[in-house]
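A.B. asks: Okay, handing you the structure first.
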Amino acid sequence: MSKVGIIMGSTSDMPIMEKAIEVLKGFDIEVEVDIVSAHRTPDKLFDYGKNAHIRGINVIIAGAGGAAHLPGMVASLSPLPVIGVPVKSRNSIDGWDSVLSILQMPGGVPVATVALDGALNAGILAAQIIGATDKCVLDKVQIYKEGLKQKVIKGAKEIQQ
């Protein structure tokens, strides 16, 4: 069974990151959730980044606010795909500091970056990455996307009446 590691810098990020957890559970993908601070628990960060793949994790979603070093640092240590979620935190500059910290990675250390507070899309992207090699997950992603389409069609019909 595929597994996604979801990490964040502090418990204050959980209300945002919960959206990724929920959507992944909806696709029947196992999630492992932890708090890993790039600045306050660097030893834990190094252990997580170097060993996540050994524990069976397939994709890492890392949410961080402010300086937002967590996604990039994990990506520098791990062979796994990393999806960064910039989080608008209380000490953030309208979230732009987090967005740019995650987005502007140097060549050779990629981090897929979603929108500010975009944990839902991070979860969907993780499912799509897993779905590239897992037909069961791919089928669930296709059903999810069809549901989005049907919601739009239903909304259009409602406003036309």
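The values are calculated or read from the model by the stated rules, or taken from the named source; none is laboratory data. Bear in mind the structure is a predicted one, so any value in this text is a computation, not a measurement. Cβ atoms come from the backbone with ideal geometry, glycine included; neighbour counts cover every protein chain shown.
A.B. asks: Hey, does the range 87-98 have a residue that's at pLDDT 95 or above and touching a strand residue (DSSP E or B) at 6+ places or on another chain (Cβ under 9 Å)?
C.D. replies: Within the range 87-98, one or more residues are at pLDDT 95 or above and touching a strand residue (DSSP E or B) at 6+ places or on another chain (Cβ under 9 Å).
A.B. asks: I'd like to verify a number: residues in the range 69-98 that are surrounded by fewer than 17 Cβ atoms within 10 Å (Cβ to Cβ) and charged (D, E, K, R), how many?
C.D. replies: Final tally of qualifying residues: 2.
A.B. asks: Starting from the range 99-122, take each residue that is over 11 Å from Pro86 (Cα atoms) and touching a residue at least 40 places away in the same chain (Cβ under 8 Å) and list its partners that are part of a loop (DSSP other than H, G, I, E, B) and among the β-branched types (Val, Ile, Thr), counting only C-beta distances under 9 angstrom and pairs at least six apart or across chains.
C.D. replies: Leu120/Val114
A.B. asks: Can you tell me which of Arg90, Arg55 is among the charged types (D, E, K, R) and over 18 Å from Asp13 (Cβ atoms)?
C.D. replies: Only one candidate qualifies: Arg55.
A.B. asks: Which of the residues belonging to the range 78-105 are touching a helix residue (DSSP H, G or I) at 6+ places or on another chain (Cβ under 8 Å) and either among the small types (Gly, Ala, Ser) or assigned to a loop (DSSP other than H, G, I, E, B) (or both)?
C.D. replies: Within the range 78-105, Ser78, Pro81, Gly84, Lys88, Ser89, Arg90, Ser92, Ser101, Met105 meet the criteria.
A.B. asks: What are the residues in the range 107-141 that are exposed (fewer than 12 other Cβ atoms within 10 Å of the Cβ) and assigned to a helix (DSSP H, G or I), if any? Walk me through it before giving the result.
C.D. replies: Pass one, the range 107-141, residues exposed (fewer than 12 other Cβ atoms within 10 Å of the Cβ): 107-108, 132-133, 135.
Within the range 107-141, just Lys135 meets the criteria.
A.B. asks: Note down all Cβ pairs under 8 Å where the first residue falls in the range 65-78 and is modelled with pLDDT under 95, the second is part of a strand (DSSP E or B), and they're at least six residues apart or on different chains.
C.D. replies: Listed by first residue and then by second, the contacts come to Gly65/Pro86; Gly65/Val87; Ala68/Gly84; Ala68/Pro86; Ala68/Val87.
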